[in-house]
Every structure is written in structure tokens, then in C-alpha cells.
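Where a number appears in this text, it was derived from the coordinates with a stated rule and is not lab data. This is a predicted model, so every value here is computed, not measured. In this analysis, Cβ positions are derived from the backbone assuming ideal geometry, glycine residues included, and neighbour counts consider all displayed protein chains.
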Amino acid sequence: MPKIVTSKRLPVYTNKGQKEDDNFNAFHCKRCRTHLVTTDAELAQLPRRRTDGAMVLDARLQVVQLYTLRKEGSRTIRREKGVERQYVHACPSCDQEVAYTSKPHEAELELIYLSDAVDVPWHRMKSPWTCKVCGYICQNLQQLQLHRKQRDHTEEMENEQEEKNQLKPIVVG
Ligand SMILES: [Zn+2]
Ligand SMILES: [Zn+2]
């Protein structure tokens, strides 16, 4: 099911069976703590780019709200397979480079690559024992099994939910 996002404002978001606010995380500038990104990307599944280890967000699949400063112009980076052009995003407060895209700023946002200058709230990463039906977080498998029993949240329901939320894997070079 596609997510419905209103532009500019923070996500109004319909994804049945999921609690809304818990799905959003704020990323901050490591240097000055300025809020840079809000996203519903699953932290446990945040892919990294092979070439430089940058974390990848995909605005076609996830809610990605940026508060970064788009730097003018572009730069080129030499890679094994040739030259790559990057359009840089910086922290609006301290000017630290925090991200880049491979498409110009005026193009619709697709992939954005975040550097390690961005602080990701890893402590909010969902535990592997989360009930996918209602989002309840358990500390271990026994607890999850008990929860499923008590609430009648079965694995079949989880799989259905999963299929509905299915995201295509991101292939990054
Ligand atoms: Zn900063
Ligand atoms: Zn549940």
C-alpha cells in the first residue's frame, strides 16, 4: 500500500495496523545536534552504499523529510568505474557536509546518501522480536510468543502485514 504524504508538513501517514509516531525517527547533525532528517525508514534495514559506506534513504519507498541546506553546484568523485557527480547537502547550522545525491537538487528526490556526520538514533532500532501486527516490542522470543497467544496475533497475520508493507530491495552501486 502506498504511503500518503502531504508535502512540506510532517507526515500524515496511512499504513493500516501500525502506530504512527513510533515509525518516525529524527536524524541530527553529530557536530551541532541540528535536526537534519525525519524518516520512517526501518533502522534495522538501513542499507549502506558499497563504494563509500554511506547510509541510503530512498524517498520513493520511505518518507524522507529533509531540513538540510542544498549546496550550490556539484562535485566529482573518482570511483573505480569512472567519475561520479555529487550534489551536496550540508547542516544548515554548522555547514558540515552531511549528505549527497547523484541527481541535481531540483530533480525529484530519490536516493539520498548520508555520511557518518549524521547521528542515527540506533537505540530506537526495532528489536527483532517485534510483533509485526501491532508493533509491540518484546525482549525475547518467549515474550513474543506469549504476546501472540494473548492477543491472537498470529504469524500468518504478520506475514500478511509484511506483504502489504513489502518494499523492493534497494540496489546500490
Ligand atoms: Zn551541524
Ligand atoms: Zn501484536
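Ordered by the number of other Cβ atoms lying within 10 Å of each residue's own Cβ, fewest first, T101, T38 fall into the sequence T38, T101.
When the trypsin sites (Lys or Arg not before Pro) in the stretch 79-173 are filtered for DSSP coil states and for at most 13 other beta-carbon atoms within 10 Å of their beta-carbon, the remaining sites are K81.
Counting only residues at least eight positions apart within a chain, or on another chain, the aspartates and glutamates with an alpha carbon under 16 Å from that of K126 are E20, D21, D22, D40, E42, E158, E162. Check each of the GluC sites (Glu not before Pro) in the stretch 74-111 and keep only those in coil by DSSP with at most 11 other C-beta atoms within 10 angstrom; list them in order. Filter output for the stretch 74-111: E80, E106, E108. Sorted fewest first by neighbouring Cβ atoms within 10 angstrom, M125, M157 come out as M125, M157. A cut-off of 5 Å between modelled amide H atoms, ignoring neighbours fewer than 5 places along the same chain, links T130 with C138.
Separation of the stretch 76-122 and the stretch 21-37, taken as the distance between their Cα centroids, equals 16 angstrom.
Exceedance of the 21 Å cut-off in Cα-Cα distance is limited, within the set K30/K103; K30/K71; K132/K164; K30/K132; K71/K103, to K30/K103; K30/K132. Look at the Cα gyration tensor of the stretch 21-124: its axes a ≥ b ≥ c give a/c of at least 1.5 with a/b over b/c, and that counts as prolate.
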